[in-house]
Amino acid sequence: TQLLEQSPQFLSIQEGENLTVYCNSSSVFSSLQWYRQEPGEGPVLLVTVVTGGEVKKLKRLTFQFGDARKDSSLHITAAQPGDTGLYLCAGEEGTGNQFYFGTGTSLTVIP
Amino acid sequence: DAGVIQSPRHEVTEMGQEVTLRCKPISGHDYLFWYRQTMMRGLELLIYFNNNVPIDDSGMPEDRFSAKMPNASFSTLKIQPSEPRDSAVYFCASSYTGTGVHFGNGTRLTVT
């Protein structure tokens, strides 16, 4: 099992603030995905990044894959209460469609 | 599509009893995954299937756990006998090669 460490583990911020969540590993991944999970539900896929150095934007969310494909970051601009949830990164090893999930960052955005 | 469907949503059972969790993947998906989520260990991959064939079950905790996928539209995860430490949320997920993983809403298992 490849270990994916996410930081911070918990984050509580005021509405309108910016934040960055990190996902780090010593392993190289062929692709990396970010998910958001709300209480009582399963994780929902937000984005997949494949190329080292790739940057993808999804409205106020910006995802970056590290050049060496070992790490990734998620930046949220002007956070809103609807962004509250557990953010999970998941790395794919090889091409076996098998994803290893990170430890998660629990985000709370206070109105 | 209705998404990945899991049943039951909640299961409370006594230690020693058999528990069966059920999953219907998204039609057309060729991969099916069983995950377990706890506060302490996060989301752990237990086993996954490709085209109904188990590929990697190295995440299955012990012999008390077994999973089957008799056809492309149905899978079960069975725990026999169950123990309190098995209490967790169990997720089934499916995907099509090269695309993202779609999760069900999970089964919350409590073993007393």
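Quick notes
- Peptide A:41-48 - average C-beta neighbours from other chains (10 Å radius): 6
- Sequence-distant aspartates and glutamates (8 or more away, or on other chains) whose Cα lies within less than 17 Å of residue A:56: A:67, A:71
- The alpha carbons of chain B occupy a box of 39, 26, 26 Å along the principal axes, longest dimension given first.
- Under Karplus coefficients 6.51, -1.76 and 1.60, residue-wise ³J(HN,Hα) of segment B:105-112 in Hz, glycine/proline x: 8, x, 10, 8, 9, 10, 10, 9
- Peptide-level mean, for B:97-106, of C-beta atoms on other protein chains within 10 Å: 6
- Amide N proximity, segment B:63-96 versus residue B:53 label position 7 Å along Cα-to-Cβ, cut-off under 16 Å: B:69-72
- The residue B:15 and residue B:40 beta-carbon pair, evaluated with R₀ = 22 Å, returns a calculated FRET efficiency of approximately 0.70.
- Phi-based couplings in Hz for segment B:69-85 (Karplus 6.51, -1.76, 1.60; Gly and Pro marked x): 9, x, 8, 5, 10, 7, 9, 10, 10, 10, 10, 8, x, 7, 10, x, 6
- Span per principal axis, largest first, for the Cα atoms of the protein assembly as shown (Å): 49, 37, 35
- Converting phi to 3J(HN,Hα) with the Karplus coefficients 6.51, -1.76 and 1.60 and the offset θ = phi - 60°, segment B:92-103 yields 9, 9, 9, 7, 10, 2, x, 10, x, 8, 10, 9 Hz in sequence order, with x at every glycine or proline.
- Cβ-based charge dipole, the protein assembly as shown, positive-most Cα from A:89, B:33, B:104: B:104
- Point-charge dipole on Cβ atoms (K/R +1, D/E -1) for segment B:1-103, about Cα centre, debye to 20: 200
- Chain A, relative contact order [Cα under 8 Å, separation at least 6], %: 37
- Label-reachable residues, segment A:13-27, where backbone N falls under 14 Å from a point 7 Å from residue A:80's Cα toward its Cβ: A:15-17
- Model label points for residue A:103 and residue A:3, set 7 angstrom from Cα along the Cα-to-Cβ axis, are 0.8 nm apart.
- Calculated FRET efficiency for the pair residue A:26/residue B:64, C-beta based, R₀ 35 Å, to 0.05: 0.60
- For chain A, share of DSSP beta bridges that run antiparallel, in % to the nearest 5: 90
Rule-based calculations on the coordinates, nothing more; no lab input. These numbers were taken from a predicted model, which means no experiment stands behind them. Glycine gets a Cβ as well: all are built from the backbone with ideal geometry, and neighbour counts include every protein chain shown.
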